[in-house]
Each structure stands twice: as C-alpha cells, then as structure tokens.
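For reference, the structure is listed below as structure tokens.
Just so it is clear, none of the values below were taken in a lab; they were calculated from the coordinates. Because the structure is a prediction, the values reported are computed rather than measured. Cβ sites come from the backbone with ideal geometry, for glycine too, and all protein chains shown count toward neighbours.
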Amino acid sequence: MNLSEEILYLSRTDVEKLNISIEEIIKAVENAFREKAAGKVEMPPKPGIHPRKDAFIHAMPAFLKETNSAGMKWVSGFPENPKRGLPYVSGLIVLNDTETGFPICVMDCTWVTAKRTGAATAVAAKCLANRDAEKLEILGCGAQGRSNLEALLAICRSLKELRAYDVNKENLGRYVKEMTAKHGVHVAPAESPRQTVEDCDIVASAGPILITPHPVIEASWFKNGGFACALDFDSYWKPEAMHSMDKFCTDDRKQFEYYKMQRYLANAPRIYAELSEVVAGKKAGREHEEERIMSMNLGIAIEDIATAKIIYEKAKKTHAGNTLQL
C-alpha cells in the first residue's frame, strides 16, 4: 500500500498518553506567533456555522512555513453540552502532507484546544503582565480554566495567591479541590466575580462565548497594573472595563474584524497590537508597572496546528494511535 493511502488516527486518550508538557506547547505556540509576525503563516479568518443559539462549528485552517505544518481544526462549542454531561468543545484536527496535500493524521482536538489556549495566555502574560505578579484569578472553571492555570503557573513563577469563580458552585468546588491537589498550590473559591477580580494582578476569564453577552466586570474592579486575558470575548467584561485599558491586544486583527461582522464584540476597543507583534518586538508590550492591559485571545489556527505537529511527531516515534486506510 502507498503511504499516501494511510492515515494515523489519534483518539483523545492517545493524545493525552503522549504526555506533551505544557512547556513544550508554550514554546510551540510562541514560535508560531513569531512566524506570524515574520509573515510566514497562511491563516484565513475561520468561517463558521451556528446550528443553535450561541453555538458554533468552525473551520480553522493554517499553514506554518517555518515548521512545514499544514492542517485544519473542525471544532464546535455548544453551551448546553455540560447540562447533557458533554464537554462544551469537541472536534477534530486534520494534518496534511505539504508535498502531496494528502491527510496524514486525524486527532481529537479537545485536549489540544484546551492546552494551546492556556499556552497562548501564558505567552501573552510573558509580554504584558508585571513580572512580579502574585495574584491570579480564573473566571470559569471548565477545561480552559484548568489549562490556563497550568500554563500561567509554568510562566509566572511569582504567583502566590490563586482565586477562582464559577456560576456553578459544584464546578467551582471540584475545580478548587482538583487544582489544589494537582499543582500543589492553594486555590481559594470566590463568592462573586467582583471578589475574584479586585486587586488581582492577572485575570483570565473563560466562560461561554455569547453573541449577546451579559457582562458584569466593572472598570473600577480592575487594578492599575493588572493584566487580563479575555478568552470568552466580552462575555464577562463591560464595555467601560475594556475601554479602561491602556493597551488592548488580540491574537489576530482579521479574525477580530470577522467576528465583529458576525455580530460579536460590538463594543470592543481599538486594537493596539496583535500578540505576534508584541512577541516579535514590533510593538511594545508592558512599558510600566501601572499599565492596565488586556489581550482578547480569540483562539487561532496556528496555535492548534503548531501543537498538533509536535503531537503527531511524538506519536510517530512512539507508535501511538492506529493506522487507517483512506
């Protein structure tokens, strides 16, 4: 059989068993942003369909020239899934051979999506948070809340006080118990978003993404010198809170404008810089301790494909997964 007629399939369990570290993923994602800044990636804004209210299914293709990586993530986010006992995010990543175009690997995307999102937050924090940040807050205790905590702990070594909030008290209690045990650090539960955000050095919000949000975070709650990463767009942040930032960044301008055309982000501020520009030194990151900075990371395909590439390479070396016929 011709090798082009075979494809490697990696289930979520296969992907997890490879034990790719968060540090490896942070490095891969940071390098992907450097490639983007150098004009060495191809990544159109992700088109999507919306079968249910506030639900999406997106196609996310990308090509990274430097690492010779090409593929697409087909991913969904359905807010009602947790009530059914299902994860909010599900989907697949397909990697392609760049010489023939043939698909070479299909893998579950849920682990990849969570980890690369946390990694992108960590990359942003390296450039935009104060180096001596001690207090971290997580809003939303799902998969993203877990991966963001893990990634930020790997980058921000000065963190001492950790707080978390979730509208679902059972989720919050489980998160506090599991994350304290996993990372060996005490995570304190907060009673309200205000209690969580006030006096925090780093705030990561990771709730559901909503076309018509019901934000609660006030500008006065966010401290001078704080860094916020809004993974749920403007779902938690009131317009005046976003506009109070000295610098407002995102991971991709074209994607940002595409979302605005789709009726998201109606009251978002003017973009100061793309994260890739800051990572590559084309735009200044944090310039003084009192700056209020937000990065609204939309989640972009280069992060997925960069992460999927290292997973695929390790899977080939360790003979993980199953080979299927096309």
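What is the ratio of the Cα radius of gyration of the range 248-314 to 2.2 N^0.38 Å, where N is its residue count, to two decimals?
That works out to 1.32 for the range 248-314.
With no solvent and one point per C-alpha, what does the Debye sum give as log10 I(q)/I(0) for the range 194-280 at q = 0.10, 0.17, 0.26 Å⁻¹?
-0.23, -0.70, -1.52
Using label points projected 7 Å from each Cα along Cα→Cβ, tell me how many nm separate K177 and K260, to one decimal.
4.5
How high is the FRET efficiency from H288 to E6, r the C-beta distance, R0 56 Å, rounded to 0.05?
The calculated FRET efficiency here is 0.50.
Run through the DSSP bridge list for the chain and note the antiparallel percent, rounded to the nearest 5.
50
Using alpha carbons only, what's the Rg to Rh ratio of the range 129-299 with Rh from Kirkwood?
That ratio equals 0.94.
List the lysines whose alpha-carbon lies under 25 Å from that of K135, not counting same-chain residues fewer than 8 positions away?
Counting by Cα, and skipping residues close in sequence, K135 has these lysines nearby: K27, K115, K126, K160, K169, K177, K182, K223, K238, K247.
Placing one identical point scatterer on every Cα of the chain and ignoring solvent, what is log10 I(q)/I(0) from the Debye formula at q = 0.14 Å⁻¹?
Each listed q corresponds, in turn, to -1.10.
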